[in-house]
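Read through the structure below, which is laid out as structure tokens, and then see the notes.
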Amino acid sequence: MTATDVLALLPLVLVAATSVIAMVAAAVRRNHALALGITLAGLAAAFCSVLFVHPRQVTALLRMDNYALFFMGLIVAASFAVALLAYAYLAQRKGNHEEFYILLLVATLGGMVLSASTHFASFFLGLEILSVALYALIAYLHERPRPVEAGIKYLVLAAASAAFLLFGIALIYADLGTMDFARIAQLLATQADLNPTLLLPGVALIVTGIGFKLALVPFHMWTPDVYEGAPAPVTAFVATVSKGAMFALLLRYFNQSGFNHGFAPVVLVFSIVAIASMFTGNLLALLQNNVKRILAYSSIAHMGYLLVAFQIGGPMGASAAIFYLVAYFVMTLGAFGVVTVLSERERDADLLEDYRGLFWRRPALALVFTAMLLSLAGIPLTVGFIGKFYIIAAGASMGAWSLILILVITSTIGLFYYLRIVVTLYAQPAVGDRAHEPVSRRAPAAILVLAALTVILVWLGVYPAPLLVAIRAAIGSLV
């Protein structure tokens, strides 16, 4: 590696160095505010460095192109928001919480590595860095039974999915003799004597591992339990950064390796998974009375919508997928941000009854939550509507009418449970509720994050052109 290569890796180096500095600072002096300050400073520096990195291939493992830099910026920004949301949430609980930010930084680093991976070795390394940190983050509030249960469930299932992934990589390597994405694409295009008895099972096992991380049907069973059990800020991180990093890897791998549109069985599998995810996520969400579980099943459906754009392929499909992913980040961070602010020391505000009459108690939070829910439902003047419209337009241009029809039908089903929460927000509070309780003064940073996310949600819903320009620049190195 040259000095230029090291400079190209500056965003990764800064996040890794910040985690070490936070760990040393915690060893010297226990201070929650200091840990947050170090974390925010490191993430801000990493975000700024993304803007100045010169794209290049760094060894065979990482490609720091515009695509990777775009997703790194998105991941770092989301982690910055989660850190701010978590501060007041953790401050009201006894004990030291500096380790939370160290784990958050390590998980962020793993997600960034995934977004830049062009080789199975870096892919698996980034995945494990992300996953191991998530095990601890999910079970962070160990004095409660649910986080520990959720952490154990995620540990066992993630380990099993990693085994499937490794076996799939081994089968592809046995057939092609390489783990480099570009080399795989070259061999698929030029060799006629490929062994499908190794290749297709290998791809199927890799899809299984990726499907677990994205919580796609039928690999979704962990999602509601983990979302419900994990601390609210961690749930926001799992729902956004973890899934976003994996989807960035999925989009790069299947576009650059040539598997997706070159193999009919793979196309069929992804279509079935997308349809099953859209229907299962929306239908099961109708049966829930827990807000976290509703949002968990909702996220399964949204991953199905993303797969529709992924299946369309080409520059327009990739653009639609990335735009919808950005919209999903904004909406999900905002929704779980409201849950975080409303949560108490003893428990998270995850029951539907916790939100009854919220408008009469905390009108600003109710309006923010309403905006996020309406955007998740795809109501006009929100980024969620533009994202779904873009997917439908991309699908129409490629004649994917069956997937578009199912997307529209399942989105209509989703309206019911989103509006159910909205109606609860504006219902008259029950007798004895604290009707005039003010917004907690211990969470000014979290309130600022929610305000910023709401502005972004409306701004991108009205004027999405700047984001589309950035996305087109990012996918120029992908397709």
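Quick note: the coordinates plus some simple rules give every number you see, no bench work behind them. Predicted model, so just to flag it, every value in this text is computed and none were measured. Every residue, glycine as well, gets a Cβ built from its backbone with ideal geometry; the counts of neighbours run over all protein chains shown.
Miscellaneous remarks
- At R0 = 30 Å, FRET efficiency that the Cβ-Cβ distance of residue 7 and residue 469 yields, to 0.05: 0.70
- Angle of helix 314-342 to the longest C-alpha principal axis of the chain, folded into 0 to 90 degrees and rounded to 10: 30°.
- Nearest-ten-degree value, helix 120-138 long axis tilted from longest Cα axis of the chain: 20
- Inter-probe distance in nm under a simple model that places probes 7 Å from Cα toward Cβ, at residue 455 and residue 398: 3.6
- Close amide H pairs (under 5 Å, H built 1.01 Å from N) link residue 119 with 181, residues at least 5 positions away or on another chain.
- Inter-site label distance for residue 423 and residue 167 at 7 Å from Cα along Cβ, in nm: 4.6
- Exposure here means at most 15 other Cβ atoms within 10 Å; with trypsin sites (Lys or Arg not before Pro) in a DSSP loop as sites, the longest stretch of the chain lacking them is 95-344.
- Applying 1/(1 + (r/R0)^6) with R0 = 30 Å to the Cβ-Cβ distance of residue 60 and residue 28 gives a FRET efficiency near 0.15.
- Relative contact order of region 3-475, defined on C-alpha pairs under 8 angstrom at six or more residues apart (%): 15
- Taking the fewest neighbouring Cβ atoms within 10 Å as the starting point, the ordered list for 64, 179 is 179, 64.
- HN-Hα J in Hz across region 397-409 - Karplus 6.51, -1.76, 1.60, θ = phi - 60°, x for Gly and Pro: 5, 9, x, 8, 5, 5, 5, 5, 4, 5, 4, 5, 5
- Residue-by-residue Karplus 3J(HN,Hα) for region 419-428, coefficients 6.51, -1.76, 1.60, Hz, glycine and proline x: 5, 4, 5, 4, 4, 4, 4, 9, 6, 5
- All distinct Cα pairs of region 283-331 go into the 1/r average, and the inverse of that average, the Kirkwood radius, is 11.6 Å.
- Per-residue ³J(HN,Hα) for region 56-62, Karplus 6.51 cos²θ - 1.76 cosθ + 1.60, θ = phi - 60°, Hz, x for Gly and Pro: 6, 8, 9, 6, 7, 8, 10
- The Cα center of region 339-390 and the Cα center of region 171-242 differ in position by 32 Å.
- Sparse packing (at most 15 other Cβ atoms within 10 Å of the Cβ) combined with a DSSP loop state is found for the following chymotrypsin sites (Phe, Trp or Tyr not before Pro) in region 1-96: 52.
- Spin-label model distance (nm) - residue 44 vs residue 283, 7 Å beyond Cα toward Cβ: 4.9
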